Amino acid sequence: MATEVHTDHLIADEWSGGALPYRVGHKKLGMWLFIVSDALTFTAMLMAYSYARYTSDEWATPFAFSPSILFSTTMTLCLLASSFTMVMAVRASAHRNKRAARRWIGATMLGGLLFLGLHIYEWGHLIEEGLRPFSLPGEWVERWPQASPLFGASFFAITGLHMFHVFTGVAYLGMVAARIRRRTHEDVEICGLYWHFVDLVWMFVFPLIYIMSFDPAPPQHAKAAAGFVITHLFR
Amino acid sequence: MSTKFEGFKNLKGKQEIVLNAICLLFAVAFLVLALSNLRWAGDVMTIDSLFVMSVFFLLALVFLINPLWWAHQHGLFENAFGVGTEADYPAEEVHFEGSTKLFLAVLLGLLALTIVEVILAYFKVSLHIMLTLLIGLSLIKAAMIMAWFMHLKYERLSLVFTLIPALVMCICLMFILFPDSNRNRNLRPSEIKQTQVGAEK
């Protein structure tokens with residue numbers, strides 16, 4: 001049973017069975033493979049969005065700083081902070097401190113729920129404005145007359161899929177945290193991997209969807225508000 | 001150094017060297033093709049040219065993997081990815097590198113890059129430069145998350161080699177859609193396009 005492990009082995013020895021060539025458990029390897037395939041799903045969605053955007057004559061860029069960019073930046077900060085708390089949870093679990101791990105996972109779930117709340121609020125705002133998967137609000141059409149109506153489709157599909165991933169991640173974390181005493185360290189690590197992946201995807205969705213659709217010329221009332229602030233500040 | 005290359009004497013060692021030399025030759029050939037495209041293609045910043053270049057670089061990378069792996073096995077650039085040997089990490093023991101300070105530093109770096117991205121939106125640069133900068137910053141952020149948060153920096157090199165090149169390759173293959181989107185755009189009758197032909201979106 002106790003076989004000696006050589007440090008200077010060749011590839012053939014390592015891959016001929018009986019060893020762990022990646023030195024990770026099969027569950028963790030499975031999660032990594034899922035992450036790679038899911039990354040390709042998101043890449044395909046972002047590619048479809050880029051294709052639609054590049055091939056159309058004009059694309060609506062409606063995200064002014066005041067609600068949209070501010071909201072999405074706050075959401076990014078939420079996700080990044082929750083990623084940090086997740087890594088702290090994994091660290092606590094590695095040190096066999098399950099109670100601390102549960103608390104850190106709770107903080108991570110809080111970050112995820114905050115993200116979800118802000119995101120749903122923002123969706124509601126856009127839907128109220130009149131954005132639909134295959135039609136733009138009247139105001140937008142006036143401002144960008146040639147704009148492709150696919151804006152809504154790409155926006156709702158990509159952020160919706162991501163939101164679904166965040167929701168699943170919160171549920172998954174909750175399931176791990178609820179019975180953390182029966183979970184091994186590897187289980188905590190795997191749910192951490194999934195959570196970091198959700199964060200990683202947002203790092204591409206945020207610049208491509210939000211910042212690339214930044215509104216350089218804010219609407220009149222925002223301009224007026226800015227003018228008001230400036231004149232009263234430097235009077 | 002000489003003790004590490006005793007494998008040369010037997011047939012298996014020779015076989016490995018010949019195969020790796022062929023792989024290296026192919027890699028160099030593809031690099032030369034990419035560079036010659038850069039030198040003689042004229043306008044490089046077209047989608048076709050960039051696509052061909054990325055294909056050449058990818059093929060060069062694919063052919064380089066085996067020789068680099070072999071070189072790593074034979075002690076060249078030892079521990080380039082911070083991967084320990086068996087003796088460092090016994091399989092039974094849970095190991096976890098990184099301190100709170102390190103993770104906080106990574107978090108602050110990610111936040112700083114996010115703020116830079118938001119500020120970048122205010123600069124009136126052309127769409128291409130903007131997109132390149134945003135994607136570049138996002139790739140840096142993704143690499144930071146994968147390396148430290150997802151712990152990939154401390155995993156074995158074999159895991160990294162299994163996951164990352166395949167992913168990058170598949171993503172690059174999807175770029176084949178862009179010449180088509182360009183063509184699709186130019187196919188449209190000009191009366192529909194009106195004045196918006198060269199408009200920045």
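The values are calculated or read from the model by the stated rules, or taken from the named source; none is laboratory data. Values in this document were obtained by computation on a predicted structure and should not be read as measured data. In this analysis, Cβ positions are derived from the backbone assuming ideal geometry, glycine residues included, and neighbour counts consider all displayed protein chains.
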Notebook entry, point to check: Is it the case that A:D57 is among the acidic types (D, E), more than 7 Å from chain B (Cβ to nearest Cβ) and surrounded by 15 or more Cβ atoms within 10 Å (Cβ to Cβ)?
Noted result: no
Checklist line | Sole exception among (1) crowded, with 19+ Cβ neighbours inside 10 Å; (2) more than 9 Å from every other protein chain (Cβ to nearest Cβ) for A:T41, by number | finding: (1)
Checklist line | Candidates A:L126, A:L116, A:L70, filtered to the one that is within 14 Å of chain B (Cβ to nearest Cβ), over 30 Å from B:E97 (Cα atoms) and aliphatic (A, V, I, L, M) | finding: A:L70
Margin query: over 18 Å from B:F149 (Cα atoms), without any contact (Cβ under 8 Å) to a residue 60 or more places away in the chain and either assigned to a helix (DSSP H, G or I) or among the β-branched types (V, I, T) (or both): which single residue out of A:F84, A:F71 fits that description?
Written below: A:F71
Checklist line | Test result for A:F65, within 12 Å of chain B (Cβ to nearest Cβ), farther than 15 Å from A:V176 by Cβ, in contact (Cβ under 8 Å) with a residue 24 or more places away in the chain and over 12 Å from the mean Cα position of the chain (by Cα) | finding: yes
Checklist line | Those residues of region B:17-50 which are at pLDDT 85 or above, surrounded by 15 or more Cβ atoms within 10 Å (Cβ to Cβ) and either in contact with a strand residue (DSSP E or B) (Cβ under 7 Å, 6 or more places away or on another chain) or of a type in the set (S, T, N, Q) (or both), in sequence order | finding: B:N20, B:N37
Check: Among the residues of region B:108-119, how many are facing another protein chain (nearest Cβ under 8 Å) and within 15 Å of B:L139 (Cβ to Cβ)?
Finding: 3
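Kindly establish whether A:L200 is under 11 Å from the mean Cα position of the chain (by Cα), surrounded by fewer than 20 Cβ atoms within 10 Å (Cβ to Cβ) and closer than 24 Å to A:L33 by Cβ.
Answer is no for this residue.
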Item checked: Matching residues, region A:3-36, being at pLDDT below 55 and of a type in the set (D, E) -> A:D8
